[in-house]
Structures are given as C-alpha cells and as structure tokens.
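K.L.:
I'd like to ask some things about the structure below.
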Amino acid sequence: MIPRYQRILFWSLVSGILLMGAFLLRGCQQAHKRLIALNNATPIAAPTGAATEEVTLYLASDADASITATTAQVALPQDPGLRARALLEHLLAQYALPGSAHPIQSGPAVDDVFLLPNPADTGKGRIAVVNLRSSFVDNHPSGVEAELLTLNSIIGTLHAALPEVSEVRFLVDGQPHDTLAGHASLARSYPLTDTTARAVAPSEAATKP
Amino acid sequence: MIQRPSPNALAASLLLLAAVPCSGAQTPAASAPPTATAPTQAAPQPAAPAPPRTLPAFYRNLILLDPAHGGSDTGAHLPDNATEKGVTLSFAQRLRPIIAAQGFTVVSTRDTDPPADLPADQRAGTANHVRPLACILLHATATGSGVHIASSALAPLEDAAAAPRALPWQTAQAASLPMSLRLANEIGLALQNAHLPVVLLGASVPPIDNLICPAVAIELAPSSDTPVTDATYQQHIAEAIASALASFRTHNAPPPAATPAPIPPPAPKPIPPAAAPAPSTATPGAPK
C-alpha cells in the first residue's frame, strides 16, 4: 500500500511537469510567431555561382558619431536592384551583431531597392528608391544622431556600390514616411556621396562672421 | 561754398537707414516706420502713398525654443520610464529663465503637452512668423553621449545675397545656413568650456529645413553615467546654451548703437546763386 503522502507528492510532481511543459510549448509558439513575422520576406535571389566579391561598407559608430569605410567579402546577385538590396541587408545585419558600435535590432530591413532614371536631368545619373520595412523602422533606436548615422551608412554604402546612382529616396512599406524614427527626415532625397565622417569639434574661428 | 548737412537731417537719415529691412540686427522698436522726416526746402507736394511697413530680418533679443514631439508623439523612450516629449518640455522650462536672464525674450512652440500632435510645418510657421535671432529645437535620446548639435544638412546657397525673396519651403534654411553653423559652433564651444562632450552634426531634422532663422537642433544624450533626466546635468547644459546665445548675439547682431556709423554721403554741389537763393540761410542749424 502506497502511503497517501507519496501519492499526493507523485501527482503534484506530475502536475508540475505538465504545467511546465505547457508553459514551454506556449513560449516556443510565441517565439516562432515572432520569428515568422520578422522573416516574412520574399527570398533574395541566390547569387549566381556563389562567388564572393569585395564590397565597401560604411559602418557607423555611436560613440564618436563616425562613419568608417571597411571592406568585406559578400556574395551578391547580378541584378543591380537585388544587388543593392542584398548589400544593404548585409550592412544592416552587421549592426545586429553582438558588440556592434551602432546597435540595431536584427531582422529584415529592406524590402526592395528600385533604380530609376532621374526625371529631372538624365545627365545626373539614376535615383535609388530604398523601400524599408516598417518592422525595421519601428524598432530603430530613436535619436538625431542614431538615425543620421544609419542613413549616412546606407548612403555611403550605396554610393560605393552604385556609382551611377546620384541620389536616394526612402519609402517605408511602399509609402512616403516623414522620419526614420522620429528625427531624421525621410521626406527629402539625399545625394549619394562619400559619407565617411569623423566627429567635428566646434572651433572659435567658425563662430565669427 | 560747400554745405554740410544739418545735425537734424543727419539724424533723420540714420533713422531711415536703421529701418531698412534685411540690413541686419534690429530691435522691435527699430522696426516701426520712421516718423521723423528731413527738413526740406521744397514746396509742399501732394502726399505720396505711405510705403509698406517694413519688417526687420530678425529681432535680436528674441529666441524661439521648440521642445520636440508632444501629444501622442512621445518621441524616444528614455530610461526611468521617461519620454522624450517630457524631457524636452522640462528642459525648455529650465532653459527659458536662464536665457531670459541674458536679456532675451523667449517664445516657445509649446508650454504644455498638447492634446494633439504639433505638425512640423506648424512649428516652422510659428518660428518664421516671430523672426527670432535663433531657433533652438530640443531633443533627447538614450543613445550616444554628451550633447549633439545638429544644423541643417542642406547645401548652403552659393550667393546668399542673390537669394530669391520667396524661399522654397523645403529648403528655406539654406539661406540662413552660414549663421546656423556659427550658432552651432558658439553653442559647441560653450558646452566644451563647461566640460561637456559635444558632437556637431549636419542632419535634416524636421522642421529645421523649413526655418528662415539661424537654427540648430540640440539633442541631449547621457553623459557617462548621467542620464538626460538629471537636473544638474540639464542645468549645466542650459547655462552653456544661454551664454552661447549671448555670445552669438554679440558677434552676429550687435546692438544698433554699436554698429559703425555709415559714411556720410558726399556733400551736395552748391546751387548757383542765380538759380536759387542761398541755402545757408534756409537751413536751420547749419554751421556758419
């Protein structure tokens, strides 16, 4: 005959195991849903031949508000639009790595990059339209410096990869958007230039008329 | 005989010169249309239509503060459950009396948390209407360190003197960008002298590109372990900004009395006695 207290203990343990199992299952389901929501993206076309090439990434640092050009080996598609999109995804993925100097939440950031002829002047090159995902914009750190560094990082990287493009405009989920995360304007177009920058200190000479 | 202008006529000419718009710093009192006229010898003419009242380029003792965000737009979420809209408003309220102590009149785009959002265009409209010496846009963030001072990222006009009278709304700041850069450097130097880390940036932060006044966006970021909500930290920054604004006024908008006297116009040719009576007798106060 099993004593009563042992039966109670047994069934209590079984109940605890079942409750913990249910809790674990629910947590897994929620994490799965979250990952699916972030990765709900059409796949990027696989690079032909899977050969890597050297690209220049303009990486930002929050500590000193600098943008530094570095090179990396990346496998990219041949199509210019897909190439720009893959390059920007690779760039922004660097900021999601642990120890990043400009931390941004991981996840897909760029929906599309369109390269269009410049309607104003054909001699000025093409226009790149970067369609960002709202999940990226919603989770981007809010602040003048943080948003400016992200934009300058994208602009510099596109400038190095697509020299025929003269300016870039930004959309969010296909729609015009006022700011990236409340500060840096996305309503204007930006000229594609070398955005390598170091922190600028104020000077006495620059205060005089 | 060469006639020298009488003191009264010279004073009236100076008053007319001081009321010319866009000629530099002016006080609100100086913007009123001149009432004194130079004495003339000519016969009374039919009254000409009064010229339109000219407004000064800016009021040298007026500062505009724009605490960013407000309403449902909370801005960045800061540590200790603080929001950017609350920090910018409290900092503006801290900054206001310190700037006023330097002899400025301070106008703010908002003094409370409004029930509805304040659009960037409305903020710019307020700033452009009051014509301040400087527009200060206040922000706060949890990233970076020190104080970030941003001026517009627009390209400055190549020839500011030839700027059209009607400025495009999206690039209105381009005409004032050189003064905005000087203002950013003034504030940066004052913060550096207060041993606060400073970063100068060029960024298009709405509504900075739509402002016609010298404008900078000042973003408060944590300094080492000091959060942006720290009262002492905010006080140091506010005092540095106020002293920088006073210095900016001294360098770029000296008081009218301190401006160098204009070169007097060349003396008029004497009129032959046969054509007109001797003017020396008709000009009161002329040196003999």
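K.L.:
Neighbouring Cβ atoms within 10 Å as the yardstick, rank A:Arg188, B:Arg60 fewest first.
P.N.:
Lowest count first: A:Arg188, B:Arg60.
K.L.:
On to the next question. State whether the range B:106-173 is rounded, prolate or oblate according to the following rule on the C-alpha gyration tensor (a ≥ b ≥ c being the square roots of its eigenvalues): a/c under 1.5 gives rounded; otherwise a/b larger than b/c gives prolate, and the remaining case gives oblate.
P.N.:
Oblate shape, in that a/c is at least 1.5 and b/c is the bigger or equal ratio.
K.L.:
By the gyration tensor of its Cα atoms, with a ≥ b ≥ c the square roots of the eigenvalues, what is the shape of the range B:61-252: rounded for a/c under 1.5, prolate for a/b over b/c, or oblate?
P.N.:
Prolate.
K.L.:
Can I ask one more? What is the angle, in °, between the Cα long axis of helix A:80-94 and the longest principal axis of the Cα atoms in chain A? Nearest 10 is fine, range 0 to 90.
P.N.:
Between the helix axis and the principal axis of chain A, the angle is about 60 degrees.
K.L.:
Using Cα pairs under 8 angstrom and six or more residues apart, how large is the relative contact order of chain A, in percent?
P.N.:
18 percent
K.L.:
If we count GluC sites (Glu not before Pro) as exposed when they sit in a DSSP loop and have at most 15 other beta carbons within 10 Å, what is the longest stretch of chain A that avoids them all?
P.N.:
Longest site-free region, per DSSP loop and neighbour criteria: A:1-163.
K.L.:
Taking the Cβ of A:Asp64 as the center, what net charge do the other residues with Cβ under 14 Å away carry, scoring Lys and Arg +1 and Asp and Glu -1?
P.N.:
Counting the neighbours of A:Asp64, the net charge comes to -1.
K.L.:
Roughly how far apart, in whole Å, are the Cα centres of the range A:150-188 and the range B:220-258?
P.N.:
Centre-to-centre distance over Cα atoms comes out at 32 Å.
K.L.:
Also: Would you kindly derive the ³J(HN,Hα) couplings of the range B:229-243 from the backbone phi angles with the Karplus curve 6.51 cos²θ - 1.76 cosθ + 1.60 (θ = phi - 60°), listing them in order in whole Hz, with x for Gly and Pro?
P.N.:
Each residue of the range B:229-243 in turn: 7, 5, 5, 5, 4, 5, 5, 4, 5, 4, 5, 5, 5, 5, 5 Hz.
K.L.:
From the alpha carbon gyration tensor of chain A, can you work out the equivalent ellipsoid semi-axes (sqrt of 5 times each eigenvalue) and give them in Å, largest to smallest?
P.N.:
Equivalent ellipsoid semi-axes, largest first: 46, 23, 16 Å.
K.L.:
Arranged by the count of other C-beta atoms within 10 angstrom, fewest first, what order do A:Phe23, B:Phe91 take?
P.N.:
Ranking A:Phe23, B:Phe91 by Cβ neighbours within 10 Å, fewest first, gives A:Phe23, B:Phe91.
K.L.:
For A:Ser12, A:Ser135, A:Ser106, which order do you get if you count the other beta carbons within 10 Å of each Cβ and list the fewest first?
P.N.:
A:Ser12, A:Ser106, A:Ser135
K.L.:
Please list 3J(HN,Hα) in residue order for the range A:53-62, calculated via the Karplus relation 6.51 cos²θ - 1.76 cosθ + 1.60 where θ = phi - 60°; whole Hz, with x for glycine and proline.
P.N.:
3J(HN,Hα) across the range A:53-62, in whole Hz: 9, 8, 10, 9, 10, 9, 9, 9, 9, 6.
K.L.:
Compute the Rg to Rh ratio over the range A:144-209 from the alpha carbon atoms, using the Kirkwood formula for Rh, and round to two decimal places.
P.N.:
Over the Cα atoms of the range A:144-209, Rg/Rh equals 1.07.
Computed from the coordinates by the stated procedures, all read-outs in this text should not be read as laboratory data. Values in this document were obtained by computation on a predicted structure and should not be read as measured data. Neighbour counts run over all protein chains shown; Cβ positions are idealised from the backbone, glycine included.
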